[in-house]
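Novice: Have a look at this one before I ask anything.
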């Protein structure tokens, strides 16, 4: 990357066209950025409810893993899908034990990608990411809608495409991570707490 392209000053870098290599070379930044078709897109900060739901999912995955579940996961970490696409799924889950040493960056397609829906992210999560996750070979894609207390679940058909989404309201059983089921009751309690 040229020196002129690294000095963004007060303009930031939202809206720029970059390769995945250039995007990842930016390092950690204030704000949440993703690279979609070569364009840097900034998302607003998450709401407190979003963070609490994400924390609940993380805790259930940790409990599953410490109980012998064969997977590892990362929350809100850049995943490079190709040379023009770097998404930051709320949760990226991979079969098997975490590699050692811990990778400096992620370029393996997740077996399960989970997004927690925010009011401003509906088109991105339900259309753009869904289409891209299908195209890149994500095994399952879950969109958790905390406000509505349900999950939209896309699982792959034998032919390789995602099946029509299924709405789950009590729990979500994962097909690609054997034995993992996300209990939606704690999420419902977060939303409906008096």
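Novice: Evaluate segment 46-66: report whether one residue or more is in a loop (DSSP other than H, G, I, E, B), at negative phi, at pLDDT below 95 and loosely packed, with under 15 Cβ neighbours inside 10 Å.
Specialist: No, segment 46-66 has no match at all.
Novice: I'd like to know if segment 127-143 contains one or more residues that are in contact (Cβ under 8 Å) with a residue 60 or more places away in the chain, farther than 21 Å from residue 82 by Cβ and part of a strand (DSSP E or B).
Specialist: no
Novice: I've got another one for you. Considering every residue within segment 79-87, establish whether at least one is assigned to a loop (DSSP other than H, G, I, E, B), assigned by TED's automatic domain parsing to the domain that holds residue 172, at pLDDT below 95 and within 15 Å of residue 111 (Cα to Cα).
Specialist: no
Novice: Could you tell me how many of the residues in segment 149-179 are more than 22 Å from residue 122 (Cα to Cα) and over 17 Å from the mean Cα position of the chain (by Cα)?
Specialist: Looking only at that region, the number is 8.
Novice: May I pose another question? Take residue 91 and tell me if it is under 24 Å from residue 145 (Cβ atoms), in contact with a helix residue (DSSP H, G or I) (Cβ under 9 Å, 6 or more places away or on another chain) and at pLDDT 95 or above.
Specialist: Yes, satisfied.
Novice: While we're looking at this one, here's another question. Suppose the filter is assigned to a loop (DSSP other than H, G, I, E, B) and either modelled with pLDDT of 95 or more or out of contact with any helix residue (DSSP H, G or I) (no Cβ under 7 Å at 6 or more places or on another chain) (or both); does residue 123 pass it?
Specialist: Judged against the criteria, residue 123 is not a match.
Novice: Report, by residue number, each residue of segment 127-143 that is crowded, with 20+ Cβ neighbours inside 10 Å, out of contact with any helix residue (DSSP H, G or I) (no Cβ under 6 Å at 6 or more places or on another chain) and under 24 Å from residue 51 (Cβ atoms).
Specialist: 129, 130, 133, 138, 140, 142
Novice: Still on this model: Would you pick out the residues in segment 1-39 that are at pLDDT 80 or above and either assigned by TED's automatic domain parsing to the domain that holds residue 75 or out of contact with any strand residue (DSSP E or B) (no Cβ under 8 Å at 6 or more places or on another chain) (or both)?
Specialist: Residues satisfying the conditions are 19, 21, 22, 25.
Novice: Could you tell me how many of the residues in segment 148-161 are more than 19 Å from residue 116 (Cβ to Cβ) and either assigned to a loop (DSSP other than H, G, I, E, B) or not assigned by TED's automatic domain parsing to the domain that holds residue 127 (or both)?
Specialist: Of the residues in segment 148-161, 5 are more than 19 Å from residue 116 (Cβ to Cβ) and either assigned to a loop (DSSP other than H, G, I, E, B) or not assigned by TED's automatic domain parsing to the domain that holds residue 127 (or both).
Novice: Also, I was wondering about something else. Restricting to segment 162-177, name every residue that is surrounded by 11 or more Cβ atoms within 10 Å (Cβ to Cβ) and either free of Cβ contacts under 8 Å to residues at least 24 places away in the same chain or assigned to a loop (DSSP other than H, G, I, E, B) (or both).
Specialist: 163, 165, 166, 168, 169, 170, 171, 173, 174, 175, 176, 177
Novice: So, one more: What do you reckon, is residue 110 in contact with a strand residue (DSSP E or B) (Cβ under 9 Å, 6 or more places away or on another chain), part of a loop (DSSP other than H, G, I, E, B) and either under 23 Å from residue 156 (Cα atoms) or assigned by TED's automatic domain parsing to the domain that holds residue 126 (or both)?
Specialist: It is true that residue 110 is in contact with a strand residue (DSSP E or B) (Cβ under 9 Å, 6 or more places away or on another chain), part of a loop (DSSP other than H, G, I, E, B) and either under 23 Å from residue 156 (Cα atoms) or assigned by TED's automatic domain parsing to the domain that holds residue 126 (or both).
The values are calculated or read from the model by the stated rules, or taken from the named source; none is laboratory data. Not measured: the values here are computed from a predicted model. Using ideal geometry, Cβ is built from the backbone for each residue, glycine included, and neighbour counts are taken over all protein chains shown.
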